[in-house]
Amino acid sequence: MPEFDRKVLEVLREPLESGHIVISRARDRVSFPARFQLVAAMNPCPCGYLGEPSGRCRCTPEQIQRYRNKLSGPLLDRIDLHVTVARESTALNPRPQAGDDTASASILVAHARERQQQRQGCANAFLNLPGLREHCTLTKVDEGWLETACERLTLSLRAAHRLLKVARTLADLEQVSGISRHHLAEALQYRPATVG
């Protein structure tokens, strides 16, 4: 993702937020639907080897920060899940990892989406502020915990709302009606520690 020009990346902000894009030419202004799922990747540093045990990364802290700063905080706020993926093994016959197979995961996701449609008529990702208040309620204790966590991590209100949607989805995947602390904690793990 950071290989794209920052101005190009910033154009993604509005359609990610509103689900439509406005094109203005001369005196005309046209709006087009633009609901999409953004899946993007980036290396941890310009060379791609930051954190490897071999120590082959020679990027300076300034180079790493410049590389990461190509993605603005407001753009990162609009991305719900941030996942760090470990380097893939180079073994010729890798051992299978424990976890759900694709078919089982697909069934879980289908059930979760069905729950969302029945409860609120849309996916959690499309909940507006009144929908968040109605379907993402927390206990007072968990609400205070989340506020403290957001302050410590300097998360914006937009990021906190997206975090609630992710927590609601995690609860739906477990087929439970309420959002619990462990859903909030897991959702927090998918937010970047700092934004550029």
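A few points about this structure:
- Residue check for residue 50: of a type in the set (A, V, I, L, M, F, W, C) and under 29 Å from residue 128 (Cα atoms): no
- One residue alone among 188, 146, 138, 170 is part of a loop (DSSP other than H, G, I, E, B) and of a type in the set (A, V, I, L, M, F, W, C), and that residue is 138.
- Any chance residue 193 is surrounded by fewer than 16 Cβ atoms within 10 Å (Cβ to Cβ), modelled with pLDDT under 95 and of a type in the set (A, V, I, L, M): yes
- Residues (farther than 23 Å from residue 62 by Cβ and in a loop (DSSP other than H, G, I, E, B)) located in the range 2-40: 11, 12, 19, 26, 27, 34, 35, 36, 37, 38, 39, 40
- Cβ-Cβ under 7 Å pairs, at least 6 apart or on other chains, the range 110-125 side over 21 Å from residue 16 (Cα atoms), far side among the hydroxyl-bearing types (Ser, Thr, Tyr): 112/169
- Leading residue by the ranking (modelled with the lowest pLDDT) among those in the range 63-90 that are among the small types (Gly, Ala, Ser) and surrounded by fewer than 13 Cβ atoms within 10 Å (Cβ to Cβ): 89
- Residues within the range 41-52 that are more than 23 Å from the chain's Cα centre (by Cα), more than 16 Å from residue 3 (Cα to Cα) and either hydrophobic (A, V, I, L, M, F, W, C) or not in a loop (DSSP other than H, G, I, E, B) (or both), tallied: 0
- Applying the condition of being among the small types (Gly, Ala, Ser) and more than 11 Å from the chain's Cα centre (by Cα) to the range 144-159 and asking which residue is nearest to residue 18 (Cα to Cα) yields 156.
- Number of the condition not met by residue 178 [criteria: (1) surrounded by 13 or more Cβ atoms within 10 Å (Cβ to Cβ); (2) part of a loop (DSSP other than H, G, I, E, B)]: (1)
- Test: residue in the range 54-61 that is outside any loop (DSSP other than H, G, I, E, B) and over 28 Å from residue 169 (Cα atoms): yes
- Filter result for the condition that a residue is at pLDDT 90 or above and touching a His at 6+ places or on another chain (Cβ under 7 Å), over 41, 112, 34: 34
- Being farther than 16 Å from residue 80 by Cα, at pLDDT below 95 and not assigned by TED's automatic domain parsing to the domain that holds residue 36 is a property that residue 157 lacks.
- Pair list, Cβ < 8 Å and 6+ apart or interchain, from the range 155-178 residues that are without any contact (Cβ under 8 Å) to a residue 12 or more places away in the chain and under 13 Å from residue 77 (Cα atoms) to residues that are surrounded by 13 or more Cβ atoms within 10 Å (Cβ to Cβ) and not small (Gly, Ala, Ser): none
The values are calculated or read from the model by the stated rules, or taken from the named source; none is laboratory data. In this text the structure is predicted, and so the values were computed from the model without any measurement. Counting neighbours? That spans all protein chains shown, and the Cβs are built from the backbone with ideal geometry, glycine included.
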